[in-house]
1. Is it true that residue A:69 is surrounded by fewer than 20 Cβ atoms within 10 Å (Cβ to Cβ), within 14 Å of another protein chain (Cβ to nearest Cβ) and either at pLDDT below 95 or assigned to a helix (DSSP H, G or I) (or both)?
2. Could you say which residue among B:242, B:235, B:199, B:204 is buried (at least 24 other Cβ atoms within 10 Å of the Cβ), under 24 Å from residue A:266 (Cβ atoms), in contact with a helix residue (DSSP H, G or I) (Cβ under 6 Å, 6 or more places away or on another chain) and more than 14 Å from chain A (Cβ to nearest Cβ)?
3. Output the qualifying pairs, or none if there are none: Cβ atoms under 9 angstrom, residues six or more apart or on different chains, first residue in the stretch A:271-291 and under 24 Å from residue A:192 (Cα atoms) and assigned by TED's automatic domain parsing to the domain that holds residue A:304, second residue part of a helix (DSSP H, G or I) and at pLDDT below 90.
4. Residue by residue through the stretch B:128-150, note down the ones that are under 20 Å from the mean Cα position of the chain (by Cα) and within 11 Å of another protein chain (Cβ to nearest Cβ).
5. Note down all Cβ pairs under 6 Å where the first residue falls in the stretch B:75-99 and is modelled with pLDDT under 85, the second is part of a helix (DSSP H, G or I), and they're at least six residues apart or on different chains.
6. Hey, among B:17, B:32, B:63, B:26, which residue is more than 14 Å from chain A (Cβ to nearest Cβ), closer than 30 Å to residue B:137 by Cβ and either crowded, with 16+ Cβ neighbours inside 10 Å or modelled with pLDDT under 90 (or both)?
7. Take the conditions modelled with pLDDT under 95, surrounded by 16 or more Cβ atoms within 10 Å (Cβ to Cβ) and away from chain A (no Cβ under 14 Å) and apply them to residue B:57. Does it pass?
8. Among the residues of the stretch A:201-233, count how many are in contact with a strand residue (DSSP E or B) (Cβ under 7 Å, 6 or more places away or on another chain), more than 14 Å from chain B (Cβ to nearest Cβ) and either part of a strand (DSSP E or B) or surrounded by fewer than 23 Cβ atoms within 10 Å (Cβ to Cβ) (or both).
């Protein structure tokens, strides 16, 4: 009975989400509703692309893919989308950008998929998203973080960059701006910072946004050292020694997956946390991965408000449902890639249903895209808004780690958690993130 | 400064074990084994699994058993690999070797996923339980000291096998002139399998020693493979002495590079390799 109630509750929540809150969508029933269209009888073909092999598989790709499968199953139990069953197929993101471009072309041109929901790597997103307009197919990037993906080279820039290409989440700006705002609020006497970030677009962009925000909020702050280990490194001892000698009050890091775990484990062993404090821009999964060893009092950002304890379950039952459903199926608490996968799937479903309600049948990719632009839905993490530049806008949750009885790993200290609202951590459409930060009056 | 030297030695220990295996196989069989990274990963997964299985016992016992199990498994897989895939292409051109061993790399990655799944596997108990040593007024994890000492022992054992045993002398003879060794009646096929098993077990050992400080993950063998290639290029293909010197050089260059030229952490290593290749194309201790 309890399970039934939960499911009914979920249907209620997602039903509300499916209708969407049309915030500024340039969509008119008059434009599309002239003739009633049929809803095809065959299944909807959805390609889910995540890392299923390689170092990004365990912390990101597999949890994300698990969620895609879970949601396909649940939506199918509810009758699919507009009565069409969902046929979800998972594909491996491994092999580099060229391989992903080939795969996307095959999926769109040969397999005739209705939509691609995918990509963790920013490089893959940058390579694949242009295919949306070239091949006339809907592509929704679900986890990649590069803020440059949908931004122009100079402010102001024209948007959207692609008619049929979207990202159903906010970019890395929210993590790094959120960290800077948190430091300003809780650690206002910081004088020196350092960074250790992976040596490719993600790491470089993360550090750039953090550095710009910190210099804006703390005029005269000193950057003591910036380190750029290669992706997939198994030894960080030299980096840790350098950071320990740097005298930095805070070390910023966008290391992720096995890299973040390896670095943290070796840093614990070498005593880094006795000398400085880490600020992890995507740290949310790692206390759970490392368990009780993960140090207390470290700054953790959640890539949005994606946390198994936030929004609080009593206030936001959709998160309670999501956490319990995921835990029941996979015996783990969902981490942020799971929330991102949910968002991509839910945004697509909501956009199809919204477009269909206006055009009276199965919508074209252009009609779905028009419905997706400006869409706002409820997700397990709160509200998600897809802005006019086709990029998601979200609040961001930042906190300090703390050991709390009842959990086998440190959680975010309930007394030192902050949610920075979307308008404080996301640049408006048409303005580059760095330019927006520079325009702040501090 | 002392810490940078220690860090360089610690990193060099992994480089040495991985490149030692690569160079034995390359020297004796003339095979450039791209699947070597997967053997490293296999050792890591096996060790993580063993340590996890023995989680209730003393971590040191679990570590010793993990090392034994990892070396045994990688040696056995190396044997099967050599007999099934390597043997038929031993006299074929290099591109066949690259294709076959790259195929083996992908195959083993999928096998690891099939057996252990795609989740990260943690086995940090040995690292956590050893604590930190006070050395020259500096704090340094005992586990890192253990890795360096164990690597030195393993290297010495391989040297004794290669220099003092009949099998080792025959392996060196094969490495020097395969055709002549065959003409002299040396059982090349049997010894090739032995060389492959020895090389594979060194990669397995490196993976096992790494896993207490880094989770076993799919794709974890790629970085060690690339770094081992740099060591072999610098030290000289097929040279044990080259593996020692190359590992020490690369380990120290990376450690001090991170400390004093962090923007050039990786380029420094490639620059050293390029300079050696220009000045001495066969590597520091390779055959001319």
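1. Working: surrounded by fewer than 20 Cβ atoms within 10 Å (Cβ to Cβ): yes; within 14 Å of another protein chain (Cβ to nearest Cβ): yes; either at pLDDT below 95 or assigned to a helix (DSSP H, G or I) (or both): yes.
The answer is yes for residue A:69.
2. B:204
3. As it stands, the answer is A:280/A:286, since those pairs meet every condition given.
4. B:143, B:144, B:147
5. B:89/B:96; B:89/B:100
6. When all the criteria are applied, what remains is B:63.
7. no
8. 3
The values are calculated or read from the model by the stated rules, or taken from the named source; none is laboratory data. Fair warning: this is a prediction, and the values are worked out from it, not measured in the lab. We place every Cβ from the backbone using ideal geometry, glycine too, and count neighbours over all the protein chains shown.
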